[in-house]
Amino acid sequence: MASGSEPVLEVRDLVKHFPLTQGILYKKQIGAIKAVDGVSFDLRKGETLGIVGESGCGKSTLAKVLMALEQPTSGSVRIGGRDISKARGGELKRMRRNIQMVMQDPYTSLNPRMTVGDIIGEPFEIHTDVAPKGDRRKKVQELLEVVGLNPDHINRYPHQFSGGQRQRIGIARGLALQPEVIVCDEPVSALDVSIQAQVINLLGRLQDEFGLAYIFIAHDLSVVRHISDRVGVMYLGKFVELGKDAEIYDRPAHPYTQALLSAVPVPDPEGREQRERIILQGDPPSPANPPSGCRFRTRCWKAQEICAKEEPLLQIRPGTAHMSACHFAETHDVVHAG
Ligand SMILES: Nc1ncnc2c1ncn2[C@@H]1O[C@H](COP(=O)(O)OP(=O)(O)O)[C@@H](O)[C@H]1O
Ligand code: SF4
Ligand SMILES: [Mg+2]
């Protein structure tokens, strides 16, 4: 999987605030929704970074800024050393070839009036140099085969496929331009559990075959476990913990990660007894008005006075081998069942 090569994606201090306005005729800005609020990471060739957090914590906004579908408020997203948020025209088009997206919901993300051939081949209409017109049908059929679909079904419509097959169509479209990076925004959340594993296995196989790097977004830690080399845990627009997959799962240092892991159901009744269950109370606060100091403090059972006053920085803490943002970070061994 991950190699020690140069990063394909370098994200630094990325911020995306949406203006919060009042009034209809004379719109007045009364604040900002801090959807992404200072995110930094590198992604290497062939690596998978899993990004996990509750709904509304900024995962999709982060994905859109990486794809240059939204302009950042500040910070940078470098692909192959160039900042995609500053690129325009032909340069932006060339850079976009290298970063593609697989969307969350295969039922709504595919145009129902287009054949799968047209859906998968659509990127070739914009990037005409990748596949000359005469080669497109053959290329699309190859892509169908690569994702495990029947190439003879090229003229069928999305409704003629199951949810898992539709997600394969979305993946084929993501592969069409041979990108180095694919951003998968909750690619299996809308699928049955039995189908989720098949789609994750397919993504793993394609990664090995084509050396792809993935950003794999999910709201559940158990989903990203098997595909991720590293995991970033997001809370209200920031990473609270970031490190190697095994470190995060077996020795989480941040109370939020510990709570998320504690919520993962354990099928084995013996395992259940060995575990201390931490139940997260309520919902995250609004990203328009995050708590002072540590953003997690309103739900944290370890919070002390300093947590309201000083923001804990994301850094390696004594006794841990990965980064976490907590004044009282300490690793907590998790006993996993099975
Ligand atoms: N275009 C937008 N305008 C205003 N607020 C937005 C917009 N997109 C997302 N948000 C807000 O930003 C926050 C993060 O949303 P999102 O990135 O979709 O989170 P996630 O994908 O983790 O569920 C939410 O509070 C959401 O309502
Ligand atoms: S800094 Fe304080 S409030 Fe934040 S996670 Fe750590 S103990 Fe909890
Ligand atoms: Mg989302």
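The sole residue among Arg173, Arg156 that is within 28 Å of Leu62 (Cα to Cα) and charged (D, E, K, R) is Arg173. State all residues of the range 194-223 that are of a type in the set (Gly, Ala, Ser), open to solvent by 10 Å² or more (accessible area, probe 1.4 Å) and more than 22 Å from Gly163 (Cβ to Cβ); if no residue qualifies, say none. Gly211, the sole residue that qualifies.
One residue stands out among those in the range 313-330 that are open to solvent by less than 40 Å² (accessible area, probe 1.4 Å) and closer than 22 Å to Ala263 by Cβ: the one that is farthest from ligand 3 (Cβ to nearest atom), which is Thr320. Applying a threshold of 8 Å to beta carbon distances and a minimum spacing of six or more residues, or different chains, the list of pairs starting in the range 163-186 at a residue that is within 16 Å of ligand 1 (Cβ to nearest atom) and ending at one that is at pLDDT below 95 and not aliphatic (A, V, I, L, M) reads Asp185/Gln104; Glu186/Gln104; Glu186/His219.
For the range 251-261, the criterion of being open to solvent by 30 Å² or more (accessible area, probe 1.4 Å), of a type outside the set (A, V, I, L, M, F, W, C) and either modelled with pLDDT of 90 or more or under 21 Å from the mean Cα position of the chain (by Cα) (or both) is satisfied by at least one residue.
Within the range 82-90, can one find any residue that is closer than 25 Å to Ile120 by Cα, open to solvent by less than 50 Å² (accessible area, probe 1.4 Å), more than 16 Å from ligand 3 (Cβ to nearest atom) and of a type outside the set (Lys, Arg)? The answer is yes, given that some residue of the range 82-90 is closer than 25 Å to Ile120 by Cα, open to solvent by less than 50 Å² (accessible area, probe 1.4 Å), more than 16 Å from ligand 3 (Cβ to nearest atom) and of a type outside the set (Lys, Arg). Among the residues of the range 287-323 satisfying the criterion of being among the polar types (S, T, N, Q), in contact (Cβ under 8 Å) with a residue 12 or more places away in the chain and more than 10 Å from ligand 2 (Cβ to nearest atom), which is farthest from Asp333 (Cα to Cα)? Going through the qualifying residues, I end up with Asn289.
Name the residues in the range 55-80 that are within 16 Å of ligand 3 (Cβ to nearest atom) and open to solvent by less than 40 Å² (accessible area, probe 1.4 Å), would you? If the condition is that a residue be within 16 Å of ligand 3 (Cβ to nearest atom) and open to solvent by less than 40 Å² (accessible area, probe 1.4 Å), then Cys57, Gly58, Lys59, Thr61, Leu62, Ala63, Val65, Leu66, Met67 are the ones that fit.
On the stretch given as the range 224-235, residues that are part of a helix (DSSP H, G or I) and either surrounded by 23 or more Cβ atoms within 10 Å (Cβ to Cβ) or at positive phi (or both) total 1. Taken across the range 178-193, residues that are surrounded by fewer than 21 Cβ atoms within 10 Å (Cβ to Cβ) and either over 24 Å from Met67 (Cβ atoms) or not assigned by TED's automatic domain parsing to the domain that holds Arg97 (or both) do occur, with at least one present.
Considering the range 14-47, and only residues there that are closer than 17 Å to Tyr235 by Cα and in contact with a Gly (Cβ under 6 Å, 6 or more places away or on another chain), the residue that is most open to solvent (accessible area, probe 1.4 Å) turns out to be Lys34.
Of the helices (runs of 4 or more DSSP H) contained entirely in the range 98-212, those carrying at least 2 residues that are more than 25 Å from the chain's Cα centre (by Cα) fall at 116-126, 136-146.
All conditions but one from (1) away from ligand 3 (no atom under 12 Å from the Cβ); (2) out of contact with any Ser or Thr (no Cβ under 7 Å at 6 or more places or on another chain) apply to His17; the one that does not is (2).
The values are calculated or read from the model by the stated rules, or taken from the named source; none is laboratory data. What you are looking at is a predicted structure, and each value in this text was computed from that prediction instead of being measured. Quick reminder, even Gly has a Cβ in these numbers, built from the backbone with ideal geometry, and neighbours come from all protein chains shown. Calculation scope for accessible area: heavy atoms of the full protein, side chains included, ligands and nucleic acids excluded. Shrake-Rupley method; radii C 1.70, N 1.55, O 1.52, S 1.80 Å.
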